[in-house]
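Remarks on the structure that follows.
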Amino acid sequence: MVSWFNLELGMIKRQIGQLPYYQFEHLAEFPQLTHAVFTREGGVSKAPFDCLNVAFSVGDQKEAVAENRRRIMDGLAISPPVYCQQTHGDGIVIADPEMCVTTPKGDVLVTDHFGLFLAIQVADCQSVMLCDPKAGIVANIHSGWRGSVRNIIGETVLRMRRLGSRPKNIIAGIGPSLGPCCAEFINYRKEFPEAIHSYQRSENHFDFWRLSFDQLTGHGVLGGHIEQSRICTCCNSLFFSYRRQKKTGRFATVIGLRKQ
Ligand SMILES: [Zn+2]
């Protein structure tokens with residue numbers, strides 16, 4: 001494996017064969033934790049899903065998606081991760097190993113199973129990965145603007161607490177997603193509650209990265225434990241972006257604790 005710190009992107013870049021992925025610095029400090037933010041590169045899908053599309057629901061060829069998912073699994077040397085049918089809702093799924101096959105409906109996966117890996121599929125929405133290494137609990141959140149409005153991130157921290165996690169021990173990474181440069185919502189007065197209006201940075205443009213940061217700290221996660229990739233998917237063609245391309249793929253983020 002080749003690794004180096006990518007100054008331009010502010011994350012650690014790793015490369016296994018033809019498969020590149022990125023890691024958050026502070027999550028990478030835990031040897032038992034596996035986590036990865038994949039890009040468009042290293043897969044077999046054809047345009048407009050080129051190349052490492054992991055979503056079956058976007059019109060790509062099934063065989064290509066299956067091969068892309070297999071490459072991710074082999075590259076990380078993990079068992080098949082749990083993917084969910086994401087709905088832009090607020091469903092939190094406590095994942096168990098059977099779900100690697102059943103594909104539950106929901107937008108958050110949480111587990112305290114060692115050896116179980118959680119995958120989220122995104123193209124502009126945020127994947128927020130959480131790990132409490134002391135309690136042995138991980139979560140992967142799909143938070144688009146609807147999830148941001150519902151504070152699905154805060155709900156996830158509450159759910160982790162119920163499983164035995166202490167928020168001050170949680171380490172968080174906010175993945176590549178729509179930045180304040182491109183998060184334009186012309187109907188925001190109808191769609192967003194007042195509390196979110198203060199996150200407007202320029203006309204109709206919102207800073208959902210900061211909102212996620214505040215939702216985490218609002219539930220007791222320490223600011224110093226939160227790493228933001230600050231990579232805008234719409235501005236950076238290394239990632240799929242629904243806003244840039246409409247018909248496109250989804251890139252994957254994966255997190256899980258290995259068995260001892
Ligand atoms: Zn942008």
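Miscellaneous remarks
- Of the DSSP H helices in the chain, those whose Cα atoms cover at least 24 Å axially and whose Kyte score averages -0.5 or more: none
- Computed helical MRE - 222 nm, the chain, DSSP H runs ≥ 4 contributing -39500 (n - 2.57), nearest 500: -6000 deg cm²/dmol
- Global geometry of region 150-189, whether rounded, prolate or oblate, following the gyration tensor of its Cα atoms and the 1.5 cut on a/c: oblate
- Once the Cβ-Cβ distance of ASP74 and SER198 is raised to the sixth power relative to R0 = 35 Å, the FRET efficiency obtained is 0.20.
- Region 128-181 and region 210-257: distance between their alpha carbon centers, rounded to Å: 11 Å
- Of every Cα-Cα pair in region 2-257, the percent that sits beyond 29 Å: 23 percent
Throughout, read-outs are computed from the coordinates displayed, never taken from laboratory work. Here the structure is a predicted model, which means the values were calculated and not measured. When we count neighbours, we look across all protein chains shown, and the Cβ atoms used for this are built from the backbone with ideal geometry, even at glycine.
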